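Okay, so here's the structure we're looking at.
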Amino acid sequence: MLSRHRRRAAARWIGAGLAAALATVGYAVPAQGAPDATESPIPSLKEVYEDYFNVGNIYSGRQTYEEGSPNWAQVERHYNVMTAENIMKPDQLLPNANIDLATGEWDFTFDEADYFVDESLERGIKVHGHVLVWHSQSPSKLFQGGRDAARANMERYIEAVLTHFKGRVVSWDVVNEAFVDGLDTFDPETQDWEDFLRGNPNDYAYSGWYNAYTTDMDVEAGESPGDFIYDAFVFARKYGPETKLEYNDFNVFQSEGKAKAIIAMATELNERYAAEYPDDPRQLIETIGLQSHNYINQTPAFACSDLTRLPGLVDEAAEEWQPGACSDHASVERSLQLIIEAGFTANVSELDLQVWEAWNAEPEGSNRANYADLDDPTVADRFHKEGFTYWVGKIESRTELEAIQAQRYAEYFAVYKKYSKDMDRVTFWGLTDYLNWRATHNPQLFNRDWSEKLSAPAVADPEGWLGLTKPIVDESHLLDATAWADGLDLRGKTYTGQSVAAVRSTQGKANSLLPRGANQGEVDAATAALIEAITALEPR
């Protein structure tokens, strides 16, 4: 449960309307009181989630790792995997000016990226690479000369980068944001995912890769616009076979639209790869990354009661901004389900939960100079502006948004926990609100002065915030193993009695875990023991 300090803080910053809404999911609003300044900070997030997934953040420059700084203190305490915010993007590693078209010489600038990678490894932190192929922040000279030239440049670039970082980066965003914005529905039976790639004639954004690959494209020979995605992953597998390959995009919470289109793409390209490279047992595209630059009022955590694994937390009557809000059409949980059911792992790659209802809806504007903490009483009435009045009538003070955001964060992490066996990491995109790319959306867990927002304890203990008495665990793999055992002939005629007894014993222990509220570590150990016993069955 929330500590006394956090309960008091929540009461202090919560409006009557939100209090009523929170009560619908069992969140007790306590008596008001002054916060206790001596309370300990939240526990280490990487330790809290060590049995679930890695917890990451972004490296924004050498100040991130500066000894004695609050930046490094927070990284050291909470995170075990880091992503470079910018310095590993193509225009940073290979600036346009460093490509000589006349001589064919390329001059890479690896110094800052090397510092980040080497320092991370020295400090016991894993590195996720971001990003190899992207329509933005890439040197335009890579795209010049048509399809064949662009493909050759792509291979040359990926070979140089993955060779340089070989053995030092655990995973890479191979292709980033290849699909259009706002894809609400997609039917893989009747629609072609290639029609929804960014850069196509119906999209507002330019993509050098799409443009190059559609120049001189030989349709009759089987060439298509989406070949640039396939080529990128094939080159990444060729030159970085030790790394896990990921596709990364935003608004993947659009479950029935963008998520399904991405899954269709990844599934088709994996099938193509399996046919062309039958000796490689791995999938080509292994993970789908959900960026999750989401809005607290537009992006529910839960699928609804017919699909959710967390029915006790769902309120199908809740408005989109209220506790328990759900959607089978577009929600974090439903998209995770679709991705995992299709055979992929899923990572949350760039998490921040923004408090305003549109990207340009901040009352203080996007200028970081106008930044204010959500709990700043001097701007309590600053929760709307002309043309953006979503919160008018729902809250009475800007300060209430902090509790609404914390509720949504708790719901997100409840979902992440429930699907954690098919996730590798959750990465926040910024150390504090002020250090986030959309600072005036107040999207992170910490204020400008590094003090904790209500979202911090909500993430560190979602069960406590949500009023649950048992830990949230992902028992899906244990249930699969149990179903496997149930489908075997364990009457003693097929396998030796001793090996059958071992399976029955481990299965009995596994079945006793969930009713008593076992933690994830116990569930994982029971799963491993049952699988080991099954695979050790001895035929008679």
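Each value in this text was obtained by applying a stated rule to the coordinates, not by laboratory testing. None of the values given here were measured: they were computed from a predicted structure. Backbone-built Cβ (ideal geometry, glycine too); neighbour counts: all protein chains shown.
Segment 516-540 to segment 316-380: how many Å between their Cα centroids? Value for the Cα centre distance between the two parts: 37 Å.
Amide H contacts of residue 446 (H built 1.01 Å from N, in plane; Pro and chain starts excluded): 433, 453 sit under 5 Å, all sequence-distant by 5 or more or on other chains. For a straight C-alpha distance cut-off of 15 angstrom, the aspartates and glutamates reachable from residue 244 (same-chain residues fewer than eight places away being disregarded) are 173, 280, 286, 422, 424.
Among 384, 164, 441, what is the fewest-to-most ranking by other Cβ atoms within 10 Å?
Numbers: 384 18, 164 15, 441 23.
By the 10 Å Cβ count, ascending: 164, 384, 441.
Pairs over the 24 Å Cα-Cα cut-off, from the set 258/394; 418/509; 89/418; 166/418; 46/126: 258/394; 89/418; 166/418. Paramagnetic label reach from residue 280 (point 7 Å along Cα→Cβ; backbone nitrogen cut-off under 18 Å): within segment 222-250, residues 226-248. Per residue, the convex hull spanned by the Cα atoms of the chain measures out at 180 cubic angstrom.
Residues whose amide H comes within less than 5 Å of that of residue 295, counting only those at least five positions distant or on another chain, are 354 (H built at 1.01 Å from N in the peptide plane).
Just to confirm my numbers, what's the Cα centroid distance between segment 161-230 and segment 35-97 in Å? Computed from Cα coordinates, the inter-centre distance equals 30 Å. Within the shell of other residues whose beta carbon sits under 12 angstrom from the beta carbon of residue 426, the net charge comes to 0, with Lys and Arg scored +1 and Asp and Glu -1. The HN-Hα couplings worked out from phi for segment 163-173 by the Karplus form 6.51 cos²θ - 1.76 cosθ + 1.60 (θ = phi - 60°) are 5, 4, 9, 3, x, 10, 10, 7, 7, 9, 6 Hz, whole numbers, x standing for Gly and Pro. Taking 7 Å steps out from each Cα toward its Cβ at residue 152 and residue 67 produces label points 4.9 nm apart. Around the amide H of residue 349, modelled in the peptide plane, lie the amide H atoms of 290, 291, 427, all under 5 Å away and 5 or more residues distant in sequence or on another chain. What the Kirkwood sum gives for segment 477-535 is a hydrodynamic radius of 11.5 Å, with every pair of different alpha carbons counted.
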